[in-house]
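Colleague: I'd like to ask some things about the structure below.
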Amino acid sequence: MKIIDILNTHNMSLSFEVFPPKKESGFDSIKKATEEIASFGPSFMSVTYGAGGGTSEYTLEIAKNIMNKYKVPSLAHLTCVSSDKETVRNRIEAMKEAGIKNVMALRGDLTPELMESGLENRDYKYATQLIRELKESDGDFCIGAACYPEVHPESPNQEEDIKHLKEKVEAGADFLTTQMVFDNNLFFQFMYKLREAGVTVPVIPGIMPITNANQVERAIKLSGSFMPHRFVSLVDYFGKDPEAMKQAGIAYATDQIIDLYANGITNVHVYSMNKPDVAKGIIDNLSAILGKDFGR
Ligand code: FAD
């Protein structure tokens, strides 16, 4: 099933993101965690792509397994920044053969290792090029792309960032998913600006439940996202008690999701980080809101 059809036809949807293992030794335990999340029956699940493509087969394996075994629509991520044309063509072909219908088309981060290797300007500079290629392939893919309510770190300003985001949509992106946001107002402000700029495709806010204090620093480093005072106090107060922190983090994420639904945002994506207990905690908190069928 195509994700755009879920987004366009359901009142509320909730999806989860998982990531593949870095090494073969981690495959079985991660597969098990992703299966557990799939067994809750979310609207769809996305599977990230390791920076530089090192774990490409695992992304496909996990996306296929979720889709075939649990009938949960899957969204396979694909990055292009360090790849050559032939590699990307082969990956697109492999996704098509695996029956993947949904692809998240990304550039990938310009990591220090990548910059050192000099591979950052191989055949692809921006995600727009990958989106065009997916669109021109015969895979009939539904294409997602990334967007940044708090501006992509490399962008000089929001106007420029939205201009290039619009190019991704014009190239063929069917929907957008945001970088993690901890303050819904930043998402709502971003939406006004997108609609004003003529970006009309569905935009899914990305919510990251922070369930242990160590995640905070990493989340800020990765995303540059603003942490509201209310959230910082919660981490300060509960951070040393793992169980209390987990409960508080799930409650904070749930509160954000309810606020989004209550303000007319129908689709929310949770960065569930391969944690079935966190996904379950959020689902349980929303049981009467989502109903049994998860909007499917
Ligand atoms: P682009 O859309 O290419 O944008 C990158 C920068 O270039 C932006 O500043 C943009 O404004 C600018 N730009 C675009 N076009 C032009 C142009 N023509 N001229 C000048 N500037 C331009 N990373 C992974 O490695 N694996 C994943 O699975 C993954 N999943 C993600 C999922 C989501 C929802 C998000 C938000 C991010 C994800 N990332 C992932 C991280 C992502 O790869 C990085 O944020 C990366 O730095 C940018 O990727 P992009 O696709 O948004 O790039």
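Colleague: So for 110, 75, what's the accessible-area order with a 1.4 Å probe, most first? Don't skip to the answer; put the middle values down first.
Modeller: Values: 110 60, 75 5 Å².
Putting 110, 75 in descending order of accessible area: 110, 75.
Colleague: So, one more: Using the heavy atoms of the protein chains alone and a 1.4 angstrom probe, what is the accessible area of the stretch 146-249 per residue in square angstrom?
Modeller: 52 Å²
Colleague: In Å³ and rounded to a whole number, note down the convex hull volume per residue for the Cα atoms of the stretch 77-154. Before the final figure, lay out each step's value.
Modeller: On the way: hull volume 7.1 nm³, N = 78.
Value for the stretch 77-154: 91 Å³ per residue.
Colleague: Sort 164, 269 by heavy-atom solvent-accessible area, probe 1.4 angstrom, most to least.
Modeller: Largest to smallest exposure gives the sequence 164, 269.
Colleague: Could you look at the chain and say what percent of its accessible area is carbon and sulfur, using a 1.4 Å probe and all protein chains?
Modeller: Here it works out to 50 percent.
Colleague: At 0.36 nm per residue, and after removing the present C-alpha to C-alpha distance, how many nm does the segment from residue 236 to residue 96 gain when stretched out fully?
Modeller: 45.7 nm
Colleague: For 4, 62, write out the residues from largest to smallest accessible area, computed with a 1.4 angstrom probe and no ligands counted.
Modeller: If we order 4, 62 from most to least accessible, we get 4, 62.
Colleague: Under unit Cβ charges (Lys, Arg +1; Asp, Glu -1), what dipole magnitude, rounded to 20 debye, does the chain have relative to its Cα centre? Walk me through the intermediate numbers first.
Modeller: Working: 32 positive and 40 negative charges, 106 e Å.
It works out to roughly 500 debye.
Colleague: Principal axis lengths of the chain from Cα atoms, whole Å, largest first?
Modeller: Over the chain, Cα extents along the principal axes are 50, 43, 41 Å.
Colleague: Hey, for a label at residue 255 modelled as a point 7 Å past Cα toward Cβ, could you say which residues of the stretch 264-284 have their backbone N under 16 Å away?
Modeller: 282
Colleague: Now for a different question. Identify the trypsin sites (Lys or Arg not before Pro) of the stretch 5-65 meeting these criteria: DSSP loop state and at most 16 other C-beta atoms within 10 Å of the C-beta.
Modeller: Working: sites: 22, 23, 31, 32, 64; in loops: 22, 23.
Loop-located and lightly packed - 22, 23.
Colleague: For the stretch 1-156, what is the Kirkwood estimate of the hydrodynamic radius, computed as the reciprocal of the mean inverse distance between distinct Cα atoms, to one decimal in Å?
Modeller: Every distinct Cα pair counted, the radius reaches 16.2 Å.
Colleague: State which entries of 69/125; 135/163; 23/71; 96/246; 85/163 exceed 32 angstrom in Cα-Cα distance in the structure shown.
Modeller: Where the Cα-Cα span goes over 32 Å, the pairs concerned are 69/125; 96/246.
Colleague: Packing-wise, with mean Cβ within 10 Å as the measure, how do 252-258, 88-94, 203-209 rank, highest first?
Modeller: Most protected by this proxy first, the peptides run 203-209, 252-258, 88-94.
Colleague: For the stretch 24-83, report the accessible area per residue in Å² (1.4 Å probe, heavy atoms, rounded to an integer).
Modeller: Details: 2230 Å² over 60 residues.
Accessible surface, normalised per residue, equals 37 Å².
Colleague: A follow-up question, please. Provide the solvent-accessible area of residue 87, counting protein heavy atoms only and rolling a 1.4 Å probe, rounded to the nearest 10 Å².
Modeller: 40 Å²
The values are calculated or read from the model by the stated rules, or taken from the named source; none is laboratory data. If you're wondering where the values come from, they're calculated on a predicted model, not measured in any experiment. Glycine gets a Cβ as well: all are built from the backbone with ideal geometry, and neighbour counts include every protein chain shown. Just so you know, the surface numbers come from the protein's heavy atoms only, side chains and all, with ligands and any DNA or RNA stripped out. Shrake-Rupley method; radii C 1.70, N 1.55, O 1.52, S 1.80 Å.
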